[in-house]
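The structure under discussion appears below in the form of structure tokens.
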Amino acid sequence: MATVSFSGLGSGMDVESIVKGLISAESVGMNATQNRITQTKAAVSDLSSIGSLVSELRAVVDSLDAASELSSFSGKSSNESALSISTTGTARAGTYDVQVVSLLKEQRNYSATYAAADAALGESGTLRLTQGGTDYEVAIADTDSLSDIAAKINGAGANVKASIFYDGSTYRLQLSGTEGGAHAAFSVTDVDGTLSLGLDAPESIRQQAADAEILIDGISVKSKSNVITGAIDGVSLTLKDETSSSFKVQIAADPTKMTESLNDFVKKYNAVITKIHTVAGFGSIKGTNKELIGDAALRTITSGLSSKVLSRVGADGELGSLADLGIKLNNNGTLKLDEAKMKEKLTENPAGFVKALAGDESNDGLMDIMGRLLKGFTESGTGLIATRQDSFQARIKALQDTAAREQLRLDRMETRLRAAFSIMDTQVAASQDKLNYLYQFGGF
């Protein structure tokens, strides 16, 4: 409020200091209320930070609740020069005997030899290419050279490429299928029997079109690609070279992805616990926010998390707890991952490891249990954290209303004090004037 200052010229008193002192003494309750408002707003902010951390933990838990995302396997070939391996989430552990019988091959035909590629052959007739049940005919004039014939074949529309092959002294017309595989085979016919190219002769075929073929445990698998998928679930086999004998292909659990996922889980879990301990206190740690020290909602979060960490699923003798998987609960409520133990258990029993975390069609896993708890904490509007924030927001509103009423009381008090001191000052000044008047007559 706007104030008018009085200097106390009439009374000689420092009226301004007196008024400020009296108002300051009356403002103790107001200051306490403002401090409560500041602390409570900080509590809302801290709860928001905790809520974000819990949501991040929930996201990691949800990812660990998906068995297909957890099942990580890698493949190893004992003959990398002949075959390489890649895997997807549906792969399972196993060892196979594999032989690369044949790589994918395109058909190649070679014509008779000629002294030049650009000289006219002096022959005319019709060359017919048959591929996939379709005929492609090429009319050849007696003025056409090998290069001309190659251009005409390339324009005929068949999946056959014609080019000139030079062996260092003579030239040939080479026909190659543009695709490999038995389905891309073609035949050549000299329709009129007037051409000397010889592309219709069986001996002109120097490479037969063939599918890629491998033997897996002695069973033949053929493909129209050198990358074979589907033969082994979740595994892609890339063929590089043919082999005369079999070699080993091993699919085994890969701990890399699981290690990353569980480290992320531990990191996010510890971030929640550490933040709560920082603001609310734990043991010798003094909380930074008085409004949250001993807060029931935060105790519910920490006790709930620790109880779920100690949960057990599955039958006796199975992997069924986080401790079984290498995750230890520390005395201060945080977690620690024993990577060596985790990798050992994952390698020994990958299916059981994943089942313990993600469950199966009939049973919940550890992450199902943890996920339901976290959902109750983080649900928008109705979750534990949101409800607690609403409670603090209501408290802030009540404190602000109290502060507004107190400020109004102080403003009115200050107005009354200034008015009273103004009257007093005026009266003292009037009395002083009278005394000064009397002093003029002496005797005082």
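The values are calculated or read from the model by the stated rules, or taken from the named source; none is laboratory data. Just so you know, these numbers come straight off a predicted model, no measurement behind them. Using ideal geometry, Cβ is built from the backbone for each residue, glycine included, and neighbour counts are taken over all protein chains shown.
Checking Ser246 against (1) closer than 18 Å to Gly181 by Cβ; (2) touching a residue at least 40 places away in the same chain (Cβ under 8 Å); (3) of a type in the set (Gly, Ala, Ser): exactly one of these is not met. Which one?
(1)
Being within 13 Å of Ile385 (Cβ to Cβ) and among the β-branched types (Val, Ile, Thr) is the filter; apply it to segment 292-301 and report the residue that is surrounded by the fewest Cβ atoms within 10 Å (Cβ to Cβ).
Per the criteria, the residue is Thr300.
Of the residues Ser311, Ser307, which single one is surrounded by 14 or more Cβ atoms within 10 Å (Cβ to Cβ), closer than 25 Å to Leu357 by Cα and of a type in the set (S, T, N, Q)?
Values: Ser307 fails: surrounded by 14 or more Cβ atoms within 10 Å (Cβ to Cβ).
None of the others qualify; the one that does is Ser311.
Hey, can you tell me all the residues within segment 359-390 that are of a type in the set (Gly, Ala, Ser), in a helix (DSSP H, G or I) and at pLDDT 90 or above? Break it down into steps so the answer makes sense when it comes.
Filtering segment 359-390 for residues of a type in the set (Gly, Ala, Ser) gives 359, 362, 365, 371, 376, 380-381, 383, 386.
Filter again for in a helix (DSSP H, G or I), leaving 371, 376, 386.
If the condition is that a residue be of a type in the set (Gly, Ala, Ser), in a helix (DSSP H, G or I) and at pLDDT 90 or above, then Gly371, Gly376 are the ones that fit.
Report, by residue number, each residue of segment 212-223 that is more than 35 Å from the chain's Cα centre (by Cα) and touching a residue at least 12 places away in the same chain (Cβ under 8 Å).
Once the filter is applied, which keeps residues that are more than 35 Å from the chain's Cα centre (by Cα) and touching a residue at least 12 places away in the same chain (Cβ under 8 Å), segment 212-223 yields Ala212, Glu213, Ile214, Leu215, Ile216, Asp217, Gly218, Ser220.
Does Ser63 satisfy the criteria of being surrounded by fewer than 20 Cβ atoms within 10 Å (Cβ to Cβ), closer than 23 Å to Val266 by Cβ and touching an Asp or Glu at 6+ places or on another chain (Cβ under 9 Å)? Let's see the steps before the verdict.
Numbers: surrounded by fewer than 20 Cβ atoms within 10 Å (Cβ to Cβ): yes; closer than 23 Å to Val266 by Cβ: yes; touching an Asp or Glu at 6+ places or on another chain (Cβ under 9 Å): yes.
When the stated conditions are applied, Ser63 passes them.
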